[in-house]
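What follows is one structure encoded as structure tokens, with my remarks underneath.
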Amino acid sequence: MTITKEQVLQALGNVEEPDLKKDLVTLNMIQDIRIEGNRLSFSVILTTPACPLKAMIENACRNAISYFISKDIEVSINMTSHVTTQKNTGVPGVKNIIAVASGKGGVGKSTVAVNLALGLAQAGAKVGLIDADIYGPSLPMMFGLEGVRPKASQVDGKTRIEPIEKYGIKLLSIGFFTDPNQPVPWRGPMVSTAVKQLFNDADWGELDYLVVDLPPGTGDIHITVTQTFPVTGAVIVTTPQNVALSDAKKGIGMFLMPAINVPLLGIVENMSYFTPAELPENKYYIFGQGGGKKLADQLEVPFLGEIPLFKSISDSGDAGKPVILDEQNPMSKAFIDMAKRVAQQVAISNANANNKNLVNN
């Protein structure tokens with residue numbers, strides 16, 4: 001039988017992108033259609049390489065070709081991606097800035113930020129990570145980079161910091177420039193200047209996502225980052241206990257203030273339950289149960305997942321090799337799933353913003 005490009009597009013026009021609620025053809029996600037006899041190949045351009053619905057979309061495309069054209073067609077699909085962006089982030093080459101925040105300390109925010117960045121990179125994205133916690137930088141230890149100093153280079157007559165690369169992502173932290181045994185007693189203006197330099201004076205190159213690990217609370221650094229750079233969205237980290245949830249609400253309230261107005265990508269509940277290594281089926285909810293999910297439901301924002309309390313998570317961070325890198329560790333999958341959900345929400349947020357801009361224009 002003779003297959004035409006028009007038939008292929010008509011068939012694939014029945015496949016909807018589940019998050020964006022439009023068909024793949026309308027979204028211009030079908031490209032490179034090639035037909036040789038009864039052999040058909042094409043590419044599906046996803047909005048992120050970390051798309052959690054990749055397999056479902058590919059299966060839907062195969063079913064559409066089989067149902068609307070013929071079951072006898074040999075179909076080859078290249079599932080690729082082009083990460084979306086909604087605006088100029090203020091950092092050349094960076095498509096999306098993701099802020100990771102919490103209302104209080106001690107909830108594992110840095111652990112979530114580190115494993116989020118690595119999860120996005122493992123999916124095939126180009127990722128950078130900024131440790132914006134000026135007073136308590138933890139990134140050098142978590143990556144086994146204590147004592148390492150970034151290099152500097154001259155680009156167009158300006159001195160540029162070269163981020164340190166490890167485990168496939170680019171890293172910068174004030175901890176690379178200070179003595180780890182000495183405190184950083186800086187006032188607000190000095191802190192703001194230092195944070196801006198991590199963004200502006202670094203040669204980040206081309207990045208799909210720049211993850212920013214913000215300090216606890218709602219202070220100068222948060223205001224500097226959100227008002228200086230158009231942040232794509234914020235991820236809020238909490239634990240199930242009421243004290244953490246109360247502070248998380250304050251952190252969320254800051255991002256929603258008109259003067260800041262950063263979209264919420266969702267809430268991650270860390271330390272959701274404790275599971276002993278020798279009893280992997282047991283769950284002990286030592287900090288309460290379901291608080292993060294309830295908060296997400298109240299605010300009508302996505303719940304990005306539960307991260308259990310495992311000793312191996314802290315051990316991995318202390319050893320300079322984050323837990324997501326250990327494929328045999330059950331926690332690795334939890335962080336990978338979370339990273340995919342975050343990427344999914346970035347794509348949805350970008351699509352909504354771009355549609356809104358089209359309507360306004």
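The values are calculated or read from the model by the stated rules, or taken from the named source; none is laboratory data. Being a predicted model, the structure only gives us computed values, none of them experimental. Every residue, glycine as well, gets a Cβ built from its backbone with ideal geometry; the counts of neighbours run over all protein chains shown. Heavy atoms of the whole protein, side chains included, go into the accessibility calculation; ligands, DNA and RNA do not. Shrake-Rupley method; radii C 1.70, N 1.55, O 1.52, S 1.80 Å.
Structure summary
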quantity: Candidates Pro216, Pro180, Pro230: whichever shows maximal mean-square fluctuation once the chain is modelled as a Gaussian network with Cα springs under 10 Å; calculated: Pro180
quantity: Gain on full stretching of the segment that runs from Asn14 to Leu27 - 0.36 nm per residue minus C-alpha separation; calculated: 3.5 nm
quantity: Equivalent ellipsoid semi-axes - Cα gyration tensor, region 77-164, angstrom; calculated: 23, 22, 14
quantity: Inter-label distance, nm, simple model (7 Å from Cα along the C-beta direction), Ala259/Thr228; calculated: 1.7 nm
quantity: Mean-position separation - Cα centroids, region 1-46 and region 220-277, in angstrom; calculated: 39 Å
quantity: Fraction of accessible area attributable to carbon and sulfur, region 188-270 (%, probe 1.4 Å); calculated: 52 percent
quantity: Distance (nanometres) between label positions extended 7 Å along Cα→Cβ at Asp337 and Asn38; calculated: 4.1 nm
quantity: Point-to-point label distance, Gln298-Lys356, nm (Cα→Cβ direction, 7 Å offset); calculated: 2.4 nm
quantity: Dimensionless Rg ratio for the chain, taking C-alpha atoms and the 2.2 N^0.38 Å reference; calculated: 1.07
quantity: Antiparallel bridge percentage (DSSP; both residues within the chain; nearest 5); calculated: 30 percent
quantity: Contour minus Cα-Cα distance for Trp186 and Asp326 (0.36 nm per residue); calculated: 46.7 nm
quantity: Relative contact order for the chain, counting Cα pairs under 8 Å that sit 6 or more residues apart, in percent; calculated: 20 percent
quantity: Residues Phe274 and Lys158, FRET efficiency given R0 of 35 Å [Cβ-Cβ distance, rounded to 0.05]; calculated: 0.10
quantity: Choice from Asn38, Asn270, Asn242 with maximal GNM fluctuation in the chain (Cα, 10 Å cutoff); calculated: Asn38
quantity: Probe 1.4 Å, accessible area per residue of region 164-296, Å²; calculated: 45 Å²
